[in-house]
Amino acid sequence: MAKISQIIIGDELLNAKINDLNLQILAKEIAPLGFDFKKCTVLGDNFDQVTQEIKKQATENDFLIITGGLGPTKDDLTKSIVANALAVELVENLEAEKIAIKQYKAFGRVFSRESSNYHMLPKDTSPIYNPSGLAPGIHAKLGSCEIFCTPGVPRECEAMIRDSIVPMLKDRAQSAHELFVCRTHSIPEETIFFKLCPNLWKDLEEFGKVSSLPIISGVDITINLKPEFQNEESRQKIRDIIEATEIKNNIWTYGLRSIEEVIVEEAKTKGLTIGFAESCTGGLASSTITNVSGSSSVFLGGVVSYANSVKENIINVKEETLKNHGAVSIETATEMATGSRKALGVDIAISYTGIAGPGGATPGKPVGTVCIGVATSEGASAERYEFRGDRMRLKNKFCQQGLILLLAKVRDL
């Protein structure tokens, strides 16, 4: 199996100015190709250190992906570093210049050699087209290792890997690679594997390497399938094994689709419309659903009822309900769902009211408390939950829990 690794370059990653997304991008794009992804190394803008790491990894891998450091400023050292590792000079490359001129024009700008070095590449290397930015990538070879350099900007890195690098790697892929993924909700992994299903891991290992990944809404159980089990008969056997356990009712899909994608697809199939009334999530649920292409066929709208006055005047939450039970209560969440369903004219409405913190806690209602309501033509109800985390994590947990309830209701109707 061909070996591949990644080097990510940038001081900004090590001093916490930005979060890296490029490891995730590369892993997602190369996963189906069947390569052995050995490691990812993050380094600062240190010329000698990165040079030595490239030389080292070139002896250990068949392919090496380097991200970052292709811009025009002094701290963008990747071209010079790669040239140093290859023991060559930077030279003018007409193909790279043509790419740069084309991209500058597409962005309404004019390329200039005086203000950009995009026309320079290490000798005997080739440029890689950048469909989402200005800087061309680099395709080089050091010994038997092929090297691909991409910009560090995630959208540029992703587009270059997907559109240019993956097609080249496909020709070199040696074996098929297939992941079987079971997505669950509301049960932590230690409960699944040590309490509810103590034999599940061992049972699944027959089919390939098993891994468990906690996600915001639950746990992904993943099997890297052995070649002999990459068929529908084996996939059905795996589903049968999992669904014979205590977690059957906590499975919301197989595969890598997000919960919002599943909701939109299944609501569309049933001809159902949905909407939200959001307080503590501040529109996050509506934003999440509308990230899905085609969501307009099922999502009609949402109300961000952050203030009590909006709850009362727009979605008809009773003043006495707020006074007697508080904004964060099952009673308020139920009325929010009922009122928003009527106001929006949808089949299913989900409401959120909670405390994301760090302030706002009251006796009996700590930070992390959320009440989520569901309303349909059959009536309305709400549930109370308590989660832990900082403000952003809690908002995401609240949002995902509501989407879990929404998917269940879509399937019930």
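The values are calculated or read from the model by the stated rules, or taken from the named source; none is laboratory data. These figures come from a predicted structure and were not determined experimentally. Heads up, the Cβs are rebuilt from the backbone with ideal geometry, glycines too, and the neighbour counts pull from every protein chain shown.
Observations on the model:
- Filter pass, Leu70 being part of a loop (DSSP other than H, G, I, E, B) and crowded, with 20+ Cβ neighbours inside 10 Å: yes
- Here Cys280 passes the criteria (1) part of a loop (DSSP other than H, G, I, E, B); (2) over 30 Å from Ala327 (Cβ atoms) except the one numbered (2).
- Scope region 35-56; condition in contact (Cβ under 8 Å) with a residue 60 or more places away in the chain and crowded, with 17+ Cβ neighbours inside 10 Å; matching residues: Phe35, Ile54
- Of all residues assigned to region 378-393, none qualifies as being crowded, with 21+ Cβ neighbours inside 10 Å and either modelled with pLDDT under 95 or farther than 15 Å from Met336 by Cβ (or both).
- Scanning region 140-195 for residues that are among the aromatic types (Phe, Trp, Tyr) and either over 30 Å from Ile18 (Cα atoms) or surrounded by fewer than 19 Cβ atoms within 10 Å (Cβ to Cβ) (or both) yields Phe180, Phe193, Phe194.
- Residue that is surrounded by fewer than 16 Cβ atoms within 10 Å (Cβ to Cβ), touching a residue at least 24 places away in the same chain (Cβ under 8 Å) and of a type outside the set (Val, Ile, Thr), where the choices are Leu413, Leu403, Leu407, Leu344: Leu413
- The number of residues in region 280-307 that are over 23 Å from Gly218 (Cα atoms) and either within 21 Å of the chain's Cα centre (by Cα) or small (Gly, Ala, Ser) (or both) comes to 9.
- Residues (among the β-branched types (Val, Ile, Thr) and either within 30 Å of Gly34 (Cβ to Cβ) or part of a helix (DSSP H, G or I) (or both)) located in region 73-88: Thr78, Ile81, Val82
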